[in-house]
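Contents: one structure, followed by commentary.
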Amino acid sequence: MKHWIFITALALSACDSGTEWSSPPYEVAWIDIDSNRSLYLSLEDGGLLGRVEPEVIAIGNNDQYVVAKQLPPGSKSALFYYIKKSDDGAKFNGSEITKGPFTEQEFEALSQELKLPEFSHEFR
């Protein structure tokens with residue numbers, strides 16, 4: 001499981017971090033600066049598996065899905081992602097489980113088709 005990220009280990013190496021949103025087993029957290037805000041799958045042992053890279057600017061969820069809106073560094077256009085919760089787990093890395101990136105138009109069509117949740121929390 002080479003894709004493990006341990007907040008504890010990073011914090012001990014003089015980094016600051018914080019969690020800005022949590023709906024177990026998912027959380028949006030940052031390391032060093034808040035523009036490093038990412039979506040993670042939280043593990044029972046305290047580890048975190050990356051699901052959507054920085055900068056996550058909005059998040060939403062329901063019983064079936066987690067949705068994330070990302071503003072990639074240096075970009076002015078947002079990208080959109082979703083995760084089907086029942087398909088996720090510790091044995092998968094982010095690229096195996098996270099669907100996207102999608103444009104806003106693609107995501108709107110998927111939202112209607114799959115009944116994805118709306119974004120309930122914005123970070124900017």
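Between Ser22 and Asp34, the modelled labels are 1.8 nm apart [label points 7 Å from Cα along Cα→Cβ]. With the whole protein complex present, Val52 retains an accessible surface near 10 Å², based on a 1.4 Å probe. Principal-axis analysis of the Cα atoms of the chain puts helix 104-114 at an angle of about 80° to the longest axis. With a 1.4 Å probe rolled over the protein heavy atoms of all chains, the accessible area of Tyr26, Tyr81 falls in the order Tyr81, Tyr26, largest first. Calculate, for Lys84 and Asp45, the FRET efficiency according to 1/(1 + (r/R0)^6) with r their C-beta to C-beta distance and R0 22 Å; round to the nearest 0.05. Rounded to the nearest 0.05, the efficiency is 0.40. Annotation for Gln105 and His121: the two label points, set 7 Å from Cα along the Cα-Cβ direction, are 3.2 nm apart.
Amide H contacts of Tyr26 (H built 1.01 Å from N, in plane; Pro and chain starts excluded): Ser42 sit under 5 Å, all sequence-distant by 5 or more or on other chains. Residues whose amide H falls under 5 Å from that of Ser17, counting only those 5 or more places apart or on a different chain, are Asp32, with hydrogens built in the peptide plane. For the pair segment 70-109 and segment 29-64, the centres of their Cα atoms are 12 angstrom apart.
The values are calculated or read from the model by the stated rules, or taken from the named source; none is laboratory data. Keep in mind it's a predicted model, so treat the numbers as computed, not measured. Cβ coordinates were reconstructed from backbone atoms using ideal geometry, including for glycine residues, and neighbour counts include every protein chain displayed. The area values use the complete protein model at the heavy-atom level, side chains included, leaving out ligands, DNA and RNA. Shrake-Rupley method; radii C 1.70, N 1.55, O 1.52, S 1.80 Å.
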